[in-house]
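Undergrad: One structure, pasted below without further comment.
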Amino acid sequence: MNRGHPMGVPVSSTGMGKTGADFETALILLEQPSRSVSVEDATRIAHDIFGMTGVVSRLPGERDRNFRLRTTQGGDYVLKIAHCAEQPEMLDLQDSVLRYLRVKDPTLAVPELLAPSVPQAVWRDGAGEGRIVRMVTFLPGTPLGNRPATVPLCTSIGGMLGRLDQALAGFDHPAQSHALLWNLRNAAYMRNFIRYFPTGAQRALASGALAAFEQQVQPVMATLPAQVIHNDFNVHNILCSDQVIEGVIDFGDVIRAPRVQDLAIAASYMMGSGTQPLEQFMAILSGYCQTVALTRAELACLPAMMGARLVMSLGISSWRASRNPADTEYITRNQAIAWQGLSRLEALQDTLRDRMLTFAAA
(Lines give C-alpha, C1' and ligand atoms only; values in the text may rest on other atoms or scores of the structure.)
Protein backbone atom coordinates (compact mmCIF):
# COMPACT_ATOMS: atom_id res chain seq x y z
CA MET A 1 0.00 0.00 0.00
CA ASN A 2 1.30 3.49 -0.86
CA ARG A 3 1.07 6.25 1.68
CA GLY A 4 1.35 10.00 1.54
CA HIS A 5 4.57 11.49 2.81
CA PRO A 6 5.67 14.93 4.02
CA MET A 7 7.73 15.40 0.88
CA GLY A 8 4.66 14.89 -1.31
CA VAL A 9 5.81 11.67 -2.98
CA PRO A 10 4.15 8.26 -2.67
CA VAL A 11 6.19 5.73 -0.72
CA SER A 12 6.07 2.02 -0.18
CA SER A 13 5.99 0.61 3.33
CA THR A 14 7.53 -2.70 2.18
CA GLY A 15 10.41 -3.70 4.41
CA MET A 16 9.94 -0.90 6.89
CA GLY A 17 10.55 -1.65 10.55
CA LYS A 18 7.44 0.24 11.68
CA THR A 19 4.41 1.55 9.80
CA GLY A 20 4.69 4.28 7.22
CA ALA A 21 2.93 6.70 9.56
CA ASP A 22 5.51 6.09 12.29
CA PHE A 23 8.30 6.58 9.79
CA GLU A 24 6.79 9.84 8.60
CA THR A 25 6.65 11.02 12.22
CA ALA A 26 10.39 10.41 12.48
CA LEU A 27 10.90 12.36 9.27
CA ILE A 28 8.94 15.31 10.58
CA LEU A 29 10.99 15.34 13.80
CA LEU A 30 14.23 15.55 11.82
CA GLU A 31 12.75 18.24 9.60
CA GLN A 32 12.12 20.56 12.54
CA PRO A 33 15.24 22.66 13.22
CA SER A 34 16.24 22.69 16.86
CA ARG A 35 15.97 26.16 18.37
CA SER A 36 19.29 27.66 19.33
CA VAL A 37 20.57 27.93 22.89
CA SER A 38 23.01 30.66 23.84
CA VAL A 39 26.24 30.03 25.71
CA GLU A 40 24.84 32.25 28.48
CA ASP A 41 21.73 30.07 28.73
CA ALA A 42 23.85 26.93 28.79
CA THR A 43 25.99 28.40 31.58
CA ARG A 44 22.87 29.10 33.67
CA ILE A 45 21.43 25.64 32.95
CA ALA A 46 24.62 23.92 34.10
CA HIS A 47 24.54 25.88 37.34
CA ASP A 48 20.80 25.73 38.05
CA ILE A 49 20.20 22.05 37.16
CA PHE A 50 23.57 20.42 37.93
CA GLY A 51 25.16 22.88 40.36
CA MET A 52 28.24 23.18 38.12
CA THR A 53 30.20 26.23 36.99
CA GLY A 54 33.01 26.73 34.53
CA VAL A 55 33.84 27.69 30.94
CA VAL A 56 31.13 26.75 28.42
CA SER A 57 31.70 26.32 24.66
CA ARG A 58 29.58 24.94 21.82
CA LEU A 59 29.83 21.40 20.45
CA PRO A 60 28.15 20.07 17.26
CA GLY A 61 24.95 18.03 17.45
CA GLU A 62 22.18 16.80 15.19
CA ARG A 63 19.10 16.92 17.44
CA ASP A 64 20.53 18.05 20.79
CA ARG A 65 22.16 21.40 21.43
CA ASN A 66 25.49 20.41 23.00
CA PHE A 67 28.00 22.34 25.07
CA ARG A 68 31.33 21.46 26.63
CA LEU A 69 31.71 22.52 30.25
CA ARG A 70 35.20 22.81 31.69
CA THR A 71 34.52 23.14 35.39
CA THR A 72 36.46 25.24 37.83
CA GLN A 73 37.27 21.98 39.63
CA GLY A 74 39.02 20.59 36.53
CA GLY A 75 36.45 18.11 35.20
CA ASP A 76 35.14 18.17 31.63
CA TYR A 77 31.49 17.46 30.79
CA VAL A 78 28.99 17.68 27.95
CA LEU A 79 25.70 19.48 28.55
CA LYS A 80 22.97 18.14 26.23
CA ILE A 81 19.78 20.15 25.73
CA ALA A 82 17.23 18.04 23.87
CA HIS A 83 15.15 19.04 20.88
CA CYS A 84 11.76 20.27 22.12
CA ALA A 85 10.01 17.51 20.07
CA GLU A 86 12.17 14.71 21.48
CA GLN A 87 10.12 12.08 23.30
CA PRO A 88 11.09 11.53 26.98
CA GLU A 89 11.02 7.75 26.56
CA MET A 90 13.66 7.98 23.80
CA LEU A 91 15.99 9.96 26.04
CA ASP A 92 15.34 7.52 28.88
CA LEU A 93 16.35 4.69 26.54
CA GLN A 94 19.67 6.39 25.81
CA ASP A 95 20.30 7.18 29.47
CA SER A 96 19.39 3.64 30.52
CA VAL A 97 21.92 2.23 28.05
CA LEU A 98 24.70 4.34 29.55
CA ARG A 99 23.76 3.35 33.11
CA TYR A 100 23.58 -0.31 32.10
CA LEU A 101 27.00 -0.25 30.44
CA ARG A 102 28.53 1.42 33.48
CA VAL A 103 27.44 -1.58 35.58
CA LYS A 104 27.90 -4.34 32.99
CA ASP A 105 31.40 -3.38 31.82
CA PRO A 106 32.92 -0.40 33.67
CA THR A 107 36.07 -0.66 31.52
CA LEU A 108 34.22 0.40 28.36
CA ALA A 109 35.13 3.97 27.45
CA VAL A 110 31.65 5.46 27.09
CA PRO A 111 30.21 8.66 28.63
CA GLU A 112 29.02 8.51 32.21
CA LEU A 113 25.63 10.04 32.95
CA LEU A 114 25.47 12.57 35.80
CA ALA A 115 22.47 12.93 38.08
CA PRO A 116 20.90 16.42 38.21
CA SER A 117 20.71 18.34 41.47
CA VAL A 118 17.01 19.16 40.99
CA PRO A 119 13.96 16.82 40.74
CA GLN A 120 13.10 17.73 37.11
CA ALA A 121 15.95 18.32 34.64
CA VAL A 122 13.85 20.44 32.28
CA TRP A 123 14.65 23.90 30.91
CA ARG A 124 12.08 26.17 29.28
CA ASP A 125 13.43 27.98 26.25
CA GLY A 126 12.42 31.42 24.97
CA ALA A 127 9.32 29.98 23.27
CA GLY A 128 8.17 28.39 26.51
CA GLU A 129 8.92 24.84 25.34
CA GLY A 130 10.18 22.41 27.95
CA ARG A 131 13.47 20.76 26.93
CA ILE A 132 15.02 17.87 28.81
CA VAL A 133 18.59 18.52 29.93
CA ARG A 134 21.30 15.92 30.54
CA MET A 135 24.96 15.98 31.49
CA VAL A 136 27.61 13.36 30.65
CA THR A 137 31.35 13.15 31.09
CA PHE A 138 33.46 14.48 28.22
CA LEU A 139 35.65 11.79 26.65
CA PRO A 140 39.08 12.88 25.37
CA GLY A 141 40.46 11.65 22.07
CA THR A 142 40.58 12.47 18.37
CA PRO A 143 37.56 11.57 16.20
CA LEU A 144 38.44 8.81 13.76
CA GLY A 145 37.40 11.11 10.90
CA ASN A 146 40.56 13.15 11.61
CA ARG A 147 42.90 10.15 11.38
CA PRO A 148 43.71 7.56 8.70
CA ALA A 149 41.79 4.32 9.25
CA THR A 150 44.78 1.98 9.43
CA VAL A 151 44.40 -1.79 9.55
CA PRO A 152 45.45 -2.00 13.25
CA LEU A 153 42.97 0.75 14.07
CA CYS A 154 40.20 -1.16 12.27
CA THR A 155 40.99 -4.24 14.35
CA SER A 156 40.60 -2.10 17.47
CA ILE A 157 37.32 -0.66 16.17
CA GLY A 158 35.91 -4.15 15.64
CA GLY A 159 37.11 -5.24 19.05
CA MET A 160 35.51 -2.28 20.83
CA LEU A 161 32.22 -2.73 18.99
CA GLY A 162 32.20 -6.44 19.79
CA ARG A 163 32.67 -5.69 23.49
CA LEU A 164 29.92 -3.08 23.37
CA ASP A 165 27.43 -5.43 21.71
CA GLN A 166 28.35 -8.23 24.09
CA ALA A 167 27.70 -5.94 27.06
CA LEU A 168 24.32 -4.85 25.64
CA ALA A 169 23.15 -8.38 24.80
CA GLY A 170 21.06 -8.60 27.98
CA PHE A 171 19.73 -5.04 27.96
CA ASP A 172 15.98 -4.46 27.72
CA HIS A 173 13.86 -1.29 27.64
CA PRO A 174 10.22 -0.51 26.79
CA ALA A 175 11.23 1.94 24.03
CA GLN A 176 13.93 -0.20 22.41
CA SER A 177 11.89 -0.98 19.27
CA HIS A 178 10.90 2.60 18.53
CA ALA A 179 10.47 4.04 15.03
CA LEU A 180 13.87 5.35 13.95
CA LEU A 181 14.82 6.84 10.61
CA TRP A 182 18.29 5.26 10.83
CA ASN A 183 17.07 1.68 11.21
CA LEU A 184 18.23 -0.50 8.29
CA ARG A 185 14.77 -2.08 8.23
CA ASN A 186 13.72 1.15 6.55
CA ALA A 187 16.21 0.83 3.69
CA ALA A 188 13.47 0.25 1.09
CA TYR A 189 12.14 3.73 1.87
CA MET A 190 15.38 5.21 0.55
CA ARG A 191 14.22 4.76 -3.06
CA ASN A 192 12.26 7.97 -2.47
CA PHE A 193 15.48 9.85 -1.68
CA ILE A 194 17.54 8.76 -4.70
CA ARG A 195 16.17 11.67 -6.70
CA TYR A 196 18.28 14.02 -4.54
CA PHE A 197 21.52 12.56 -5.95
CA PRO A 198 22.89 14.85 -8.68
CA THR A 199 24.20 12.37 -11.28
CA GLY A 200 22.78 9.36 -13.09
CA ALA A 201 25.81 7.30 -12.09
CA GLN A 202 25.19 8.03 -8.41
CA ARG A 203 21.51 7.18 -8.71
CA ALA A 204 22.35 3.88 -10.43
CA LEU A 205 24.95 3.01 -7.80
CA ALA A 206 22.46 3.66 -4.98
CA SER A 207 19.68 1.73 -6.73
CA GLY A 208 21.94 -1.29 -7.13
CA ALA A 209 22.89 -1.26 -3.46
CA LEU A 210 19.23 -1.12 -2.41
CA ALA A 211 18.35 -3.97 -4.79
CA ALA A 212 21.07 -6.13 -3.21
CA PHE A 213 19.68 -5.38 0.25
CA GLU A 214 16.12 -6.21 -0.80
CA GLN A 215 17.19 -9.49 -2.37
CA GLN A 216 19.81 -10.71 0.12
CA VAL A 217 18.84 -9.23 3.49
CA GLN A 218 15.18 -8.30 3.63
CA PRO A 219 13.83 -11.87 3.33
CA VAL A 220 15.90 -13.11 6.31
CA MET A 221 16.24 -9.98 8.44
CA ALA A 222 13.60 -10.99 10.99
CA THR A 223 15.45 -14.27 11.65
CA LEU A 224 18.85 -12.71 12.47
CA PRO A 225 19.98 -12.51 16.13
CA ALA A 226 18.74 -9.18 17.50
CA GLN A 227 19.49 -6.98 20.51
CA VAL A 228 19.90 -3.31 21.43
CA ILE A 229 22.83 -1.87 19.45
CA HIS A 230 24.67 1.46 19.21
CA ASN A 231 23.55 1.84 15.57
CA ASP A 232 25.82 4.78 14.68
CA PHE A 233 29.44 3.63 14.89
CA ASN A 234 30.65 6.26 12.42
CA VAL A 235 33.94 8.13 12.19
CA HIS A 236 32.67 11.07 14.26
CA ASN A 237 31.51 8.91 17.17
CA ILE A 238 34.73 6.92 17.59
CA LEU A 239 37.59 8.55 19.51
CA CYS A 240 41.08 7.12 18.99
CA SER A 241 44.83 7.43 19.16
CA ASP A 242 47.15 6.27 16.36
CA GLN A 243 46.49 2.58 16.88
CA VAL A 244 43.60 2.02 19.30
CA ILE A 245 40.11 3.19 20.14
CA GLU A 246 39.91 5.39 23.21
CA GLY A 247 36.17 6.01 23.45
CA VAL A 248 32.69 5.79 21.91
CA ILE A 249 30.15 8.62 22.06
CA ASP A 250 26.64 9.52 20.82
CA PHE A 251 24.07 6.90 21.80
CA GLY A 252 21.24 8.90 20.24
CA ASP A 253 20.34 6.18 17.69
CA VAL A 254 20.30 3.09 19.93
CA ILE A 255 17.63 0.59 18.95
CA ARG A 256 16.83 -3.11 19.04
CA ALA A 257 17.90 -4.50 15.67
CA PRO A 258 19.94 -7.36 14.16
CA ARG A 259 23.30 -7.23 15.95
CA VAL A 260 25.20 -7.57 12.64
CA GLN A 261 23.67 -4.21 11.69
CA ASP A 262 26.06 -2.57 14.16
CA LEU A 263 29.06 -4.16 12.44
CA ALA A 264 27.70 -3.30 8.97
CA ILE A 265 27.42 0.37 9.92
CA ALA A 266 30.97 0.52 11.30
CA ALA A 267 32.41 -1.38 8.34
CA SER A 268 30.56 0.76 5.80
CA TYR A 269 32.33 3.89 7.00
CA MET A 270 35.69 2.10 6.98
CA MET A 271 35.06 1.09 3.37
CA GLY A 272 35.24 4.75 2.41
CA SER A 273 38.27 5.60 4.56
CA GLY A 274 41.93 4.76 4.08
CA THR A 275 43.68 3.06 1.16
CA GLN A 276 43.17 -0.65 1.93
CA PRO A 277 39.39 -1.20 1.98
CA LEU A 278 39.49 -5.00 1.81
CA GLU A 279 42.15 -5.32 4.51
CA GLN A 280 40.36 -2.75 6.65
CA PHE A 281 37.08 -4.63 6.29
CA MET A 282 38.62 -7.95 7.29
CA ALA A 283 40.38 -6.31 10.23
CA ILE A 284 37.18 -4.84 11.67
CA LEU A 285 35.36 -8.14 11.10
CA SER A 286 38.13 -10.15 12.80
CA GLY A 287 38.26 -7.73 15.72
CA TYR A 288 34.50 -7.95 16.23
CA CYS A 289 34.45 -11.74 16.05
CA GLN A 290 37.04 -12.02 18.80
CA THR A 291 34.11 -11.34 21.12
CA VAL A 292 30.94 -12.05 19.11
CA ALA A 293 30.59 -15.23 17.03
CA LEU A 294 28.48 -14.30 14.00
CA THR A 295 26.34 -16.90 12.27
CA ARG A 296 26.73 -17.83 8.60
CA ALA A 297 23.48 -16.00 7.86
CA GLU A 298 24.76 -12.80 9.50
CA LEU A 299 28.02 -12.95 7.56
CA ALA A 300 26.15 -13.47 4.28
CA CYS A 301 24.09 -10.31 4.94
CA LEU A 302 27.00 -8.09 5.91
CA PRO A 303 28.08 -6.63 2.51
CA ALA A 304 24.52 -5.79 1.38
CA MET A 305 23.77 -4.22 4.77
CA MET A 306 26.85 -2.04 4.38
CA GLY A 307 25.65 -0.79 1.00
CA ALA A 308 22.16 -0.04 2.31
CA ARG A 309 23.57 1.96 5.23
CA LEU A 310 25.69 4.07 2.89
CA VAL A 311 22.64 4.82 0.72
CA MET A 312 20.69 5.77 3.85
CA SER A 313 23.48 8.12 4.94
CA LEU A 314 23.57 9.77 1.52
CA GLY A 315 19.81 9.91 1.01
CA ILE A 316 18.75 11.19 4.40
CA SER A 317 21.55 13.75 4.59
CA SER A 318 20.78 15.05 1.07
CA TRP A 319 17.09 15.38 1.91
CA ARG A 320 17.74 17.06 5.25
CA ALA A 321 20.27 19.48 3.79
CA SER A 322 17.72 20.58 1.20
CA ARG A 323 15.39 21.60 4.04
CA ASN A 324 17.97 22.99 6.46
CA PRO A 325 20.49 24.84 4.26
CA ALA A 326 22.07 26.63 7.21
CA ASP A 327 23.21 23.25 8.59
CA THR A 328 24.25 21.73 5.23
CA GLU A 329 27.95 21.48 6.08
CA TYR A 330 27.29 19.53 9.28
CA ILE A 331 24.50 17.37 7.84
CA THR A 332 26.51 16.30 4.76
CA ARG A 333 29.87 15.88 6.47
CA ASN A 334 29.94 12.10 5.82
CA GLN A 335 28.96 12.20 2.14
CA ALA A 336 32.42 12.07 0.56
CA ILE A 337 33.30 8.99 2.62
CA ALA A 338 29.93 7.39 1.86
CA TRP A 339 30.20 7.82 -1.93
CA GLN A 340 33.73 6.43 -1.96
CA GLY A 341 32.64 3.54 0.24
CA LEU A 342 29.67 2.71 -1.98
CA SER A 343 31.86 2.74 -5.08
CA ARG A 344 34.48 0.51 -3.46
CA LEU A 345 31.80 -1.83 -2.16
CA GLU A 346 30.43 -2.36 -5.66
CA ALA A 347 33.91 -3.03 -7.04
CA LEU A 348 34.73 -5.52 -4.25
CA GLN A 349 31.37 -7.27 -3.94
CA ASP A 350 32.49 -10.59 -5.49
CA THR A 351 35.68 -10.62 -3.42
CA LEU A 352 33.76 -9.79 -0.24
CA ARG A 353 31.26 -12.58 -0.92
CA ASP A 354 34.13 -15.08 -1.27
CA ARG A 355 35.79 -13.77 1.88
CA MET A 356 32.55 -14.16 3.81
CA LEU A 357 32.26 -17.80 2.73
CA THR A 358 35.85 -18.45 3.74
CA PHE A 359 35.43 -16.65 7.07
CA ALA A 360 32.25 -18.59 7.84
CA ALA A 361 33.97 -21.89 7.14
CA ALA A 362 37.01 -21.11 9.32
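Undergrad: Any residue in region 138-162 that is without any contact (Cβ under 8 Å) to a residue 24 or more places away in the chain sitting within a Cβ distance under 7 Å of a residue that is open to solvent by less than 10 Å² (accessible area, probe 1.4 Å) and not in a loop (DSSP other than H, G, I, E, B)? List the pairs, counting only those 6 or more apart or interchain.
TA: Sorted first by the residue in region 138-162, then by its partner, the list stays empty.
Undergrad: Here is a follow-up. Looking only at region 312-337, which residues are part of a helix (DSSP H, G or I) and in contact with a Phe, Trp or Tyr (Cβ under 8 Å, 6 or more places away or on another chain)?
TA: Once the filter is applied, which keeps residues that are part of a helix (DSSP H, G or I) and in contact with a Phe, Trp or Tyr (Cβ under 8 Å, 6 or more places away or on another chain), region 312-337 yields M312, L314, G315, I316, S318, W319, S322, I337.
Per-residue answers, yes or no, for (1) more than 25 Å from A360 (Cβ to Cβ); (2) at pLDDT 95 or above; (3) not β-branched (V, I, T):
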{"site": "M190", "(1), (2), (3)": "yes, no, yes"}
{"site": "T199", "(1), (2), (3)": "yes, no, no"}
{"site": "V244", "(1), (2), (3)": "yes, no, no"}
{"site": "Q261", "(1), (2), (3)": "no, yes, yes"}
{"site": "Y269", "(1), (2), (3)": "no, no, yes"}
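Undergrad: Another question, then. On the given criteria, is P140 under 26 Å from R35 (Cα atoms), modelled with pLDDT under 95 and surrounded by fewer than 21 Cβ atoms within 10 Å (Cβ to Cβ)?
TA: So P140 does not fit the description; no.
Undergrad: Of the residues that sit in region 69-86 and are touching a residue at least 40 places away in the same chain (Cβ under 8 Å) and surrounded by fewer than 16 Cβ atoms within 10 Å (Cβ to Cβ), which one is farthest from the chain's Cα centre (by Cα)?
TA: Among residues in region 69-86 that are touching a residue at least 40 places away in the same chain (Cβ under 8 Å) and surrounded by fewer than 16 Cβ atoms within 10 Å (Cβ to Cβ), the one farthest from the chain's Cα centre (by Cα) is G75.
Undergrad: So if I check each of L184, L180, which one is modelled with pLDDT under 90 and either surrounded by 20 or more Cβ atoms within 10 Å (Cβ to Cβ) or closer than 23 Å to L114 by Cβ (or both)?
TA: Only one candidate qualifies: L180.
Undergrad: Could you check D64 against (1) free of Cβ contacts under 8 Å to residues at least 12 places away in the same chain; (2) surrounded by 21 or more Cβ atoms within 10 Å (Cβ to Cβ) and say which number it fails?
TA: Among (1) free of Cβ contacts under 8 Å to residues at least 12 places away in the same chain; (2) surrounded by 21 or more Cβ atoms within 10 Å (Cβ to Cβ), the lone unmet condition for D64 is (1).
Undergrad: Pick from R124, R99: which is surrounded by fewer than 17 Cβ atoms within 10 Å (Cβ to Cβ), in contact with a strand residue (DSSP E or B) (Cβ under 9 Å, 6 or more places away or on another chain) and modelled with pLDDT under 95?
TA: Numbers: R99 fails: modelled with pLDDT under 95.
Of R124, R99, the one residue that is surrounded by fewer than 17 Cβ atoms within 10 Å (Cβ to Cβ), in contact with a strand residue (DSSP E or B) (Cβ under 9 Å, 6 or more places away or on another chain) and modelled with pLDDT under 95 is R124.
The values are calculated or read from the model by the stated rules, or taken from the named source; none is laboratory data. The shown structure was predicted, so the numbers you read here are calculated from the model rather than taken from an experiment. Glycine gets a Cβ as well: all are built from the backbone with ideal geometry, and neighbour counts include every protein chain shown. These area figures cover heavy atoms from the full protein model, side chains too; ligands, DNA and RNA do not enter into them. Shrake-Rupley method; radii C 1.70, N 1.55, O 1.52, S 1.80 Å.
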